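What follows is a short report on a single structure.
The values are calculated or read from the model by the stated rules, or taken from the named source; none is laboratory data. This structure is a prediction, so every number in the text was calculated from the model and none was measured. Backbone-built Cβ (ideal geometry, glycine too); neighbour counts: all protein chains shown. Keep in mind that these areas ignore ligands, DNA and RNA; they rest on the heavy atoms of the full protein, side chains included. Shrake-Rupley method; radii C 1.70, N 1.55, O 1.52, S 1.80 Å.
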Amino acid sequence: MTGPHDGWWVLGSALKVVILFAATLILVMALVYIERKVVAFMQVRIGPNQAGPKGILQTLADGIKLFFKEPVTPRAVDRPIYILAPLLSLIPMFLVVAIIPFGNSITINGREIFLQGTDLNIGILFFLAMSSIGVYGITLAGWASGSKYPLIGGIRASAQMISYETCMGLALIPAVMTTGTLSMRGMVEAQSGTWLGFVPRWTGLVQVIPMLAFFICAIAETNRPPFDLVEAETELVGGFHTEYSGIRFAIFYLAEFANMFTISAIAVTVFLGGWNGPGFSFLPWLWPLLWFFAKTGVLVFIFMWIRASLPRFRYDQLMSLGWKRLIPVLLVWLLLSSGIQAWINEASNHVAGG
Amino acid sequence: MPEQVELEGIAAEADRARTDEGAQKMRGRDETGSLELAYEKGNAAGARKAVMTNEPWSDVSDDDETMIINMGPQHPSTHGVLRLMLELDAETVVRVKPVIGYLHTGMEKTAETLTFTQGATNVTRMDYLAPMSNELCWALTVEKLLDLEIPPRATAIRVLMAELNRISSHLVSLATQGMDLGAISMMIYGFREREEILSFFEKCSGLRMNNDYIRPGGVAADLPPDWESDVAKIVETFPAHIDEYEELLTENPIWRERTIGVGSVTVEQCYALGLTGPILRAAGKAWDLRVDQPYCGYETYDFDVITGTNGDVFDRYKVRVGEMRESIKIVKQVLDRMPEGDYRSQDKKVTPPPRIRIDESMEALIHHFKIFTEGYKVPAGEVYCAIESPRGEIANYLVSSGSSKPWRLHVRAPSFANLQGLAPMMEGGLLADAVAVIASTDPVMGDVDR
């Protein structure tokens with residue numbers, strides 16, 4: 001925590017929340033536009049180009065349209081849950097934004113302000129908890145719709161996301177062991193500096209397999225292709241959101257893209273050194289911010305790239321990938337990695353002691 | 001409030017009556033007669049029963065554990081308006097019942113009111129992805145009754161068009177199959193390349209689809225002067241495009257997992273159900289009417305019949321890719337040997353005179369008038385003529401009473417026959433496999449419902 005908890009601190013925190021919320025919303029809108037453009041580029045199309053210069057206002061236009069559209073509520077729905085479900089999938093995603101360290105710190109008026117919503121000492125666990133709650137949103141949406149396709153989507157969601165949650169947890173443990181902390185900020189700081197003077201001390205360069213596994217889980221967790229079984233348009237029409245329209249559908253859409261961004265940001269923070277990177281003395285707070293967004297941008301681009309090129313998995317194949325391949329590999333890696341870590345700790349204690 | 005309840009009951013009853021689907025509805029297995037269940041399994045009348053499995057759903061014990069779900073006619077991957085009733089045990093397909101007729105326009109009946117010349121515009125709208133095949137089949141049928149000699153150039157043009165159309169049809173098949181399995185880029189690539197062929201069609205016939213280019217007596221117009229360079233460009237660029245698709249899909253582990261071993265049928269099942277085209281060939285039987293009952297001089301072209309071994313979705317995909325390459329081979333040969341001469345028969349009873357002759361000759365004017373008002377008369381008789389369309393054996397069974405209009409027309413549509421195979425292909429698979437199976441049978445609903 002920075003400085004004494006006085007009025008300025010409260011004001012600063014409130015301001016941070018507002019900025020983070022607004023920035024995330026704008027970012028999500030930009031992401032939707034960027035994805036459409038990137039996929040269009042890969043498919044030799046033009047993509048949105050009508051609303052605003054180069055079509056950049058397309059998402060805004062879509063948003064306005066969805067906002068003013070009548071949200072049709074089918075007769076068979078379980079109304080309270082039906083309305084709650086989109087919020088349950090959106091809000092956790094925004095809460096995760098709070099723990100992401102976007103940059104180092106900025107000094108205003110003698111106060112050092114960290115570019116992070118808040119630095120929870122259990123940051124990574126908070127992220128896992130929030131993404132578990134996100135599952136409820138989708139499962140309940142499928143259940144409460146009172147219709148068959150969403151039901152199948154909801155069942156797929158619960159099985160898929162719970163399995164991959166397990167994988168994700170297992171992929172994060174080695175990273176936590178390497179950095180020795182659960183705090184997001186602590187993780188980034190533990191990854192600063194270099195080995196041999198030029199190799200950055202990123203966790204992902206040591207924990208390669210957990211990093212790749214985490215990325216696979218991230219795609220499954222965000223229901224992005226090739227793991228988009230939950231919505232699987234060509235099989236389940238729209239999956240869990242078949243019966244949603246108007247603003248409620250827009251919230252699911254927003255949640256998906258917010259999720260894509262936050263999970264990439266978490267991957268960058270945990271495995272790719274967060275905002276660490278070469279900086280300059282001119283505007284020292286700017287460079288970490290740029291590094292962070294550059295790294296996250298690359299991951300988000302990979303998300304889009306995968307979407308444009310890979311076919312969709314089948315349900316049973318997805319489960320066998322998770323349970324029969326990822327989890328055993330991660331468990332073995334966990335054993336090896338913890339053994340090595342224990343040995344290193346022992347050795348360093350020995351050196352320190354001797 | 002008993003009155004209220006009663007009223008609600010009546011309203012519900014009326015609702016049910018209004019939305020009841022009668023015989024089309026899929027009922028629970030205990031309510032369905034054994035004969036109907038046998039039909040659902042593909043034991044159609046005349047099919048050799050031994051071929052089909054007669055063990056009905058032994059592993060699914062209870063009706064209550066399953067769910068009957070309606071897929072289509074408004075569903076993203078039912079290729080138009082195909083409708084399937086599925087009984088699902090979790091995600092496993094237990095029973096499947098295709099329901100068709102949502103695109104029925106009575107084209108076979110319409111044919112009875114159109115002259116033989118107009119007939120081509122009618123049949124071309126049936127299989128709208130392979131209009132040239134439909135037209136060619138129509139033209140050959142009518143010519144068989146007329147006993148008409150077709151100039152070699154017209155025949156070569158027909159082969160060129162039919163083969164280009166085969167490529168464009170298979171492209172749509174690959175594109176939609178990619179889309180259905182989640183490879184969204186394949187969709188765009190397939191349609192992009194198809195557009196090159198369709199623009200060539202447009203150049204020749206004035207229309208991208210439903211061309212009405214191949215007519216009884218020849219083709220509607222000669223090829224445009226620079227056709228050779230256009231076709232040469234297609235022939236040169238296409239193999240590279242096909243390599244791209246193979247790179248995107250064939251070697252992709254997800255694609256292979258999704259398609260290999262999915263929706264298999266055996267050759268015997270194909271025989272029993274009348275499945276033809278890529279489905280039959282993928283099962284391992286080298287049956288291609290272009291080779292086995294040659295028409296349009298196909299016996300003089302050098303090409304291979306592509307076959308698979310397992311008859312699964314992957315083999316059907318590979319057969320289509322291979323057939324595209326073979327079609328390019330044929331197009332190349334047409335390009336090399338296109339004969340000079342007439343592009344249509346010079347029989348004055350069938351072919352209208354050139355425009356310039358109408359100003360000079362009274363007979364020409366009369367012929368022109370007669371052909372476009374009354375039409376030409378076709379000798380009485382009946383004829384069956386089959387050719388190989390991209391989807392399988394397409395055939396016209398035509399009865400003429402000697403007038404200028406057909407007395408009866410029946411089209412043996414490959415898409416319709418191939419839909420018979422859905423039940424044996426889908427049962428026991430997952431819902432996602434059902435989508436792959438529909439895509440791999442490549443049905444065109446216009447062809448199914450006619």
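What to note about this one:
- Burial ranking of peptide ranges A:323-333, A:272-282 (average Cβ count within 10 Å, highest at the top): A:272-282, A:323-333
- Solvent-accessible surface (1.4 angstrom probe) belonging to B:Ser229, in square angstrom, nearest 10: 70 Å²
- Label-to-label distance, nm, for residues given as A:Leu87 and B:Thr250 (7 Å Cα→Cβ offset): 5.4 nm
- Per residue of chain B, the DSSP helices (runs of n ≥ 4 H) give a summed -39500 (n - 2.57) that works out to -14500 deg cm²/dmol at 222 nm.
- Dipole axis of the stretch B:365-450 (+1 Lys, Arg; -1 Asp, Glu on Cβ), positive-most option in B:Ala386, B:Ser440, B:Leu365: B:Leu365
- Based on C-alpha pairs under 8 angstrom that are at least 6 apart in sequence, chain B has a relative contact order of 23 percent.
- Across peptide B:178-189, the mean count of Cβ atoms from other chains lying within 10 Å of each residue's own Cβ comes to 6.
- Helix-only [θ]222 nm of chain A, DSSP H runs n ≥ 4, -39500 (n - 2.57) each, per residue, nearest 500: -22000 deg cm²/dmol
- Solvent exposure of the stretch A:24-136 amounts to 54 Å² per residue of accessible area, where only protein heavy atoms count and the probe is 1.4 Å.
- Rounded Å value of the spacing that divides the Cα centres of the stretch B:300-341 and the stretch B:139-161: 21 Å
- Nonlocal amide H pairs with A:Ile113, under 5 Å, H built at 1.01 Å: A:Ile106, A:Thr107, A:Ile108
- Peptide A:312-325 is shielded by partner chain Cβ atoms: per residue, an average of 4 of them sit within 10 Å of its Cβ.
- At R0 = 45 Å, FRET efficiency that the Cβ-Cβ distance of B:Glu195 and A:Val298 yields, to 0.05: 0.85
- Folded to 0 to 90 degrees: helix B:131-146 orientation relative to chain B principal axis, Cα: 60 degrees
- Interchain or long-range residues, amide H under 5 Å from B:Arg83's placed H: B:Val99
- Each principal axis of the Cα atoms in the stretch B:240-294 has its own extent, and those three values, largest first, are 34, 26, 12 angstrom.
- Accessible area per residue was computed with a 1.4 Å probe on protein heavy atoms; B:Phe369 scores about 130 Å².
- Note on the stretch B:222-368: with charges restricted to the Cβ of Lys and Arg (+1) and Asp and Glu (-1), its dipole about the Cα centre is near 500 debye.
- Only alpha carbons enter this Debye calculation for the stretch B:93-220, each as an equal point scatterer, and the log10 of I(q)/I(0) it gives at q = 0.13 Å⁻¹ is -0.63.
- Where N is the number of residues in the stretch B:390-450, Cα Rg divided by 2.2 N^0.38 Å: 1.51
- Largest-first principal axis extents of the Cα set of the protein assembly as shown (Å): 111, 74, 52
- A 1.4 Å probe over all protein chains sorts B:Tyr213, A:Tyr149 by accessible area into A:Tyr149, B:Tyr213, starting with the largest.
- Residue order by solvent-accessible surface for A:Thr179, B:Thr237 is B:Thr237, A:Thr179, largest first, with ligands and nucleic acids left out and a 1.4 Å probe.
- Computed over neighbours whose Cβ is under 11 Å from that of B:Gly381, the net charge equals -1, Lys and Arg +1, Asp and Glu -1.
- Rule-of-thumb Rg ratio for the stretch A:72-342 [Cα; 2.2 N^0.38 Å; N residues]: 1.06
- Between amide H atoms placed 1.01 Å from N, distances below 5 Å from B:Glu393 occur with B:Thr276, B:Gly277, all of them 5 or more places distant or on a separate chain.
- Given a 1.4 Å probe and the protein chains as shown, B:Glu244 ends up with an accessible area of around 90 Å².
- The stretch A:113-147 and the stretch B:232-294 have Cα centres spaced 46 Å apart.
- 0 to 90° range, to nearest 10: angle between helix A:58-68 axis and chain A longest Cα axis: 60 degrees
- Computed from Cα positions, the angle between helix B:313-337 and the longest principal axis of chain B comes to roughly 0 degrees.
- Dipole magnitude of the protein assembly as shown, debye to nearest 20 (Cβ charges: Lys/Arg +1, Asp/Glu -1, about Cα centre): 1420 debye
- Between A and B, accessible area buried - total, square angstrom, nearest 100, 1.4 angstrom probe: 2700 Å²
- Within the shell defined by Cβ-Cβ distances under 9 Å, the residues around B:Arg290 carry a net charge of -4, with Lys and Arg each +1 and Asp and Glu each -1.
- Rg over Rh for the stretch B:331-450 works out to 1.17, using Cα positions for both radii and the Kirkwood form for Rh.
- Local electrostatic count at B:Asn211 - Lys and Arg +1, Asp and Glu -1, tallied over other residues with Cβ under 9 Å: -2
- Calculated P(r) tail over 25 Å for the stretch B:265-379, as whole % of Cα pairs: 51 percent
- Listed residue (A:Ala190, A:Phe68, A:Ala258) projecting farthest to the positive dipole end of chain A, Cβ model: A:Phe68
- Two numbers describe the Cα atoms of the stretch A:23-68: Rg and Dmax, which are 10.7, 32 Å.
- Among B:Ile438, A:Ile340, the order of accessible area from largest down is A:Ile340, B:Ile438, computed with a 1.4 Å probe on protein heavy atoms.
- Shape summary of the stretch A:196-267, radius of gyration then Dmax from alpha carbon positions: 16.5, 57 Å.
- Prolate/oblate/rounded call for the stretch B:107-448, Cα gyration tensor, a/c under 1.5 rounded: prolate
- The orientation-averaged projection of the convex hull spanning the C-alpha atoms of the stretch A:1-87 amounts to 10.5 square nanometres.
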